[in-house]
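The values are calculated or read from the model by the stated rules, or taken from the named source; none is laboratory data. All values reported here derive from a predicted model rather than from experimental measurement. Using ideal geometry, Cβ is built from the backbone for each residue, glycine included, and neighbour counts are taken over all protein chains shown. Ligands, DNA and RNA are stripped out before the accessible areas are found, and what is left, the full protein with its side chains, is counted by its heavy atoms. Shrake-Rupley method; radii C 1.70, N 1.55, O 1.52, S 1.80 Å.
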Amino acid sequence: MAVQGVDKGHYFKEQTVQKSQVKGNGSFYESLAAVSDMTTEQLMQEIGNRKNELYEKVKKGELEESFQIGGQSFTLKEWNKLLESFDLAQDKLKALLEEKLEQQKKEEA
C-alpha cells in the first residue's frame, strides 16, 4: 500500500495488532486494545481527524500554547501558577529567616 507523502519505493506494510498481543493494564494498553483491529489506513485516517480537530481549536483560540520546560510541558497559565506558588513559598522562607535572625540578635544582646 503506497502512502501519499512517502518517497517513491517506500511502502507501509498494512498490519493489525491482535488482542492476544496486548498484555497488562493501563491507559496505553486500553488504547492499544481499542485500535487493535484497525488497519494502518484506518489509523492514519484517525490521526488525520485528530489533527484537524486540533487545527480547528487553534483557529478558534480554544487551545493554549504550551512550552517544554525540562521534562514537563506547561501552558502560560500553568507556568504563572507555578511561579506564584514558588514566590509565595520563597517569601515565607525569607520571613522565617528574618525572624530567626532577629531572635539571634536579641539573644546575643
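The set of residues in the range 54-69 that are open to solvent by 100 Å² or more (accessible area, probe 1.4 Å) and either part of a strand (DSSP E or B) or farther than 25 Å from N80 by Cα (or both) comprises Y55, Q68. Of the set (1) modelled with pLDDT of 85 or more; (2) touching a strand residue (DSSP E or B) at 6+ places or on another chain (Cβ under 9 Å), all apply to E64 but (1).
Is it the case that some residue within the range 74-87 is open to solvent by 100 Å² or more (accessible area, probe 1.4 Å), in a helix (DSSP H, G or I), without any contact (Cβ under 8 Å) to a residue 12 or more places away in the chain and hydrophobic (A, V, I, L, M, F, W, C)? Looking through the range 74-87, at least one residue is open to solvent by 100 Å² or more (accessible area, probe 1.4 Å), in a helix (DSSP H, G or I), without any contact (Cβ under 8 Å) to a residue 12 or more places away in the chain and hydrophobic (A, V, I, L, M, F, W, C).
Filter the range 28-53 for residues that are touching a residue at least 12 places away in the same chain (Cβ under 8 Å) and open to solvent by less than 60 Å² (accessible area, probe 1.4 Å); which is nearest to T75 (Cα to Cα)?
Initially, the range 28-53 is screened for residues touching a residue at least 12 places away in the same chain (Cβ under 8 Å), giving 32-33, 35-41, 44.
Okay, now just the ones that are also open to solvent by less than 60 Å² (accessible area, probe 1.4 Å), so 32-33, 35-36, 38-40.
Numbers: L32: 28, A33: 31, V35: 30, S36: 33, M38: 33, T39: 35, T40: 33 Å.
If we take residues in the range 28-53 being touching a residue at least 12 places away in the same chain (Cβ under 8 Å) and open to solvent by less than 60 Å² (accessible area, probe 1.4 Å), then L32 is nearest to T75 (Cα to Cα).
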